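Structure, as structure tokens:
Read-outs throughout are calculated quantities, based only on the coordinates presented, and are distinct from any laboratory measurement. Keep in mind that this is a model prediction, so the values were computed, not measured. Here Cβ is always computed from backbone atoms with ideal geometry, including for glycine, and neighbour counts include all displayed protein chains.
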Amino acid sequence: MFNYVARRLLLAVPMLLGAMSIVFFAMRVLPGDPCVAMMGDQATTEALADCTRNLGLHRPLAVQYADYLWRSVRLDFGNSLRQGYPVSEYIGRMFPHTFILVMASAVVAVLVGVPIGIVSALKRRNPLIDYPLRIFALLGLSMPVFWLGILLLIVFSLRLDLFPLIGGGDLDAVLTMVRSGEVFSYPGDFFAAVGDVLHHLALPALALGFTLAATVSRLSRSAMLEVISQDFIRTARAKGQAERAVVYKHALRNMLVPLLTIIGIFVAIALTGTVLTETVFTRPGLGKMLVDAISARDYPLAQGAITVFTMTIILVNLIVDMLYAVVDPRITFR
């Protein structure tokens, strides 16, 4: 196991380096000048030259690239060009918002997509059940998350006034109380802050989770169809076991390996989906931060956000691969 993890971590290094290099050069190729974005079109030539010098953008591209890699190795992404604050600290404040959005949407997608995929596979000979479920999956795949998010905002925020239009709740207060141990000292304030966070989280998680539930349902259906066609399922049925026991004790257990793969794919899709979701719902997070950084040509902020996205995806895939052996002891790592 240790050798396998070590090899995977070594393979992750060139993947991370490639992603960081693409981000670095892509940001320099984009049209627009960060100094113009910061100072406006009315800035004088001398002021723009001073800004370029102060930000270090006058240096050769190779020098900027080497400096960027050296800082990234130490998880030091420099300071934001526009605001001047340390990028690492800002990412540390934004990452929890993105993390809980991904986790909440994962819960929605799994609770909706997996049962639909299993029922669709088991009832494939019944078109009255299978066809509507497959149409649901098709609609989910065809429905952009930003379009669904706008519909949810119009109905539940503007019309019914049940959920807030913008914001992510007071997550900083929740984390501060957890770190300081004040959860039990002020339980009322803690649960009020948690309720506020969940109130702001409901619509974004539903929008992102519903669109991803379609992908989960289709992959779950394919995995279940493959499992129930195996000989051991026919043997279990031939022994007279109840259908519920065959599905939950045998089929579902052997379906966990492809289901873990689905979860790994889901996290990658969900992280990219947060860019649109956080922008539509005006939530704080890495996705909205990345959009704002690219618009402002804030190189350190955009590079730091994409680097964290890439590292998270690599880490999740590694954890999923390690869980394979826990789910199926027959799997060995070489």
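Things worth noting here:
- Packing-based order for 214-220, 130-136, using average beta carbon neighbours within 10 Å, highest first: 214-220, 130-136
- Of all aspartates and glutamates in the structure, the ones whose alpha carbon falls short of 18 Å from that of LYS123, not counting any fewer than 8 places away in one chain, are GLU226, GLU243.
- For semi-axes √(5λ) of the Cα gyration tensor in Å, the value calculated from this model appears in (i) 37, 24, 21; (ii) 31, 27, 17; (iii) 42, 26, 20 under label (iii).
- With the helix formula -39500 (n - 2.57) applied to DSSP H stretches of n ≥ 4, the chain reaches a computed 222 nm mean residue ellipticity of -24500 deg cm²/dmol.
- Likely footprinting exposure, ASP170, ASP161, fewest C-beta neighbours within 10 Å first: ASP161, ASP170
- Span from the the stretch 252-304 Cα centroid across to the the stretch 101-117 one, whole angstrom: 16
- Per-residue Karplus couplings for the stretch 83-97, computed as 6.51 cos²θ - 1.76 cosθ + 1.60 with θ equal to phi - 60°, are listed in order as 9, x, 7, x, 5, 4, 5, 5, 4, x, 7, 7, 4, x, 5 Hz, Gly and Pro entered as x.
- The amide H of ASN79, built 1.01 Å from its N in the peptide plane, has VAL87 as neighbours under 5 Å, considering only residues 5 or more places off or on other chains.
- Gain in span if fully extended, MET143 to ALA202, counting 0.36 nm per residue against the direct Cα distance: 19.4 nm
- For GLY167, the residues whose amide H sits under 5 Å from its own are ARG283, ignoring neighbours fewer than 5 places away on the same chain, with H placed 1.01 Å from N.
- Footprinting exposure proxy for THR211, THR44, THR235, THR310 (fewest neighbouring C-beta atoms within 10 Å first): THR44, THR235, THR310, THR211
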